Amino acid sequence: MDTETEFGVPIPGRILPEAEWAKTGVKRLPLSGTLDWAAIFGRVAPVVLELGCGNGRYTLLSALARPEVDHFATDILPVVIRYATRRANQRGLHNVRFAVRDGESFMGAYVAAGSVSEVHLYHPQPYHDPKQAHLRLVTPRFLADVHRSLAPGGLFVVQTDNPDYWDYMTRVLPVFFDFHEQAADWPDAPEGRSRREVLARSRGLKIFKGFGHALTGLGRAEAIALAQVLPPPTFRSRGPWCDLDAIERQGG
């Protein structure tokens, strides 16, 4: 068997003979300094980031469809990165790298200004316990860092099944991006771009998604100033989506 499924939905790509496998895991990030994409991938090419990538469904999909584009994906959980790395290795994806790192510190410390063409964020953890609200990734400062990292007009894609989180996002995203909600399914993955989306759809949950291009003319100093006055994500998070988080983060 050279194909895999999860929740009845095929995982992108097929398992190649072992002689054709790649090495996609980054064992250790440097202690400081921005990453040199050309050195990491051995070529100069557009770079796509996926933050909180889980088991790598979207990165696999995109890397297979766009071999001319390099993909770097991170997640804070080592277990899901192990799944993602194994699958990318088995599919011979030399244009992919995975690393264990949280999205906030990765964007703030490792990504140089204007160095990536796209940033993707699928189903960031909403942290339902109010005492953990400060751990939510999508904050004004994080969005300012995403804006800084993108090349002029670069693309930011985000989605969630949590309506409270989405309400917050739609209020702050337009400050940094020419933002548009995506009503239709993603044409490249109508059954879901991420493991969490596939799982949420199987439970009948609504998926909120959108994309935006980095606003031009918004300088770094102005973006930081805006981030300091915009509200943090202090919404209350309750609903039927809460019990899916533990399942999804197992990452199989």
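The values are calculated or read from the model by the stated rules, or taken from the named source; none is laboratory data. On a predicted model such as this, the values are computed, not experimentally measured, just so you know. Neighbour counts are summed over all protein chains in view; Cβ atoms, including those assigned to glycine, are modelled from backbone coordinates with ideal geometry.
Here are a few things to note about the model shown:
- Set Gly108, Gly114: member being without any contact (Cβ under 8 Å) to a residue 60 or more places away in the chain and outside any loop (DSSP other than H, G, I, E, B): Gly108
- Number of residues in segment 80-105 that are under 17 Å from Arg193 (Cβ atoms) and part of a strand (DSSP E or B): the value is 2.
- Residues of segment 143-165 that are closer than 18 Å to Ala227 by Cα and touching a strand residue (DSSP E or B) at 6+ places or on another chain (Cβ under 9 Å): Leu143, Val146, His147, Arg148, Ser149, Leu150, Phe156, Tyr165.
- Residues in segment 39-62 that are buried (at least 17 other Cβ atoms within 10 Å of the Cβ) and not hydrophobic (A, V, I, L, M, F, W, C): Glu50, Gly52, Gly54, Asn55, Gly56, Arg57, Tyr58, Thr59, Ser62.
- Listed by first and then second residue, the pairs with beta-carbon distance under 9 Å, at least 6 apart or on different chains, first residue in segment 21-40 and among the aromatic types (Phe, Trp, Tyr), second modelled with pLDDT of 95 or more and exposed (fewer than 11 other Cβ atoms within 10 Å of the Cβ), are Trp37/Val44.
- So Thr3, is it outside any helix (DSSP H, G or I), without any contact (Cβ under 8 Å) to a residue 40 or more places away in the chain and buried (at least 16 other Cβ atoms within 10 Å of the Cβ): no
Listed here are the residues, each with its yes/no results for (1) touching a residue at least 24 places away in the same chain (Cβ under 8 Å); (2) of a type outside the set (Gly, Ala, Ser).
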residue: Gly154; (1), (2): yes, no
residue: Tyr165; (1), (2): yes, yes
residue: His180; (1), (2): yes, yes
residue: Arg193; (1), (2): yes, yes
residue: Phe208; (1), (2): yes, yes
residue: Gly217; (1), (2): no, no
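- Residues in segment 116-151 that are at pLDDT below 95 and either surrounded by fewer than 24 Cβ atoms within 10 Å (Cβ to Cβ) or charged (D, E, K, R) (or both): Gln125, Tyr127, His128, Asp129, Pro130, Lys131, Gln132, Ala133, His134, Leu135.
- Pairs linking a residue in segment 123-147 that is under 18 Å from Gln159 (Cα atoms) to a residue that is of a type in the set (Lys, Arg), with Cβ atoms under 6 Å and 6 or more positions apart or on different chains, are His123/Arg196; Tyr127/Arg136.
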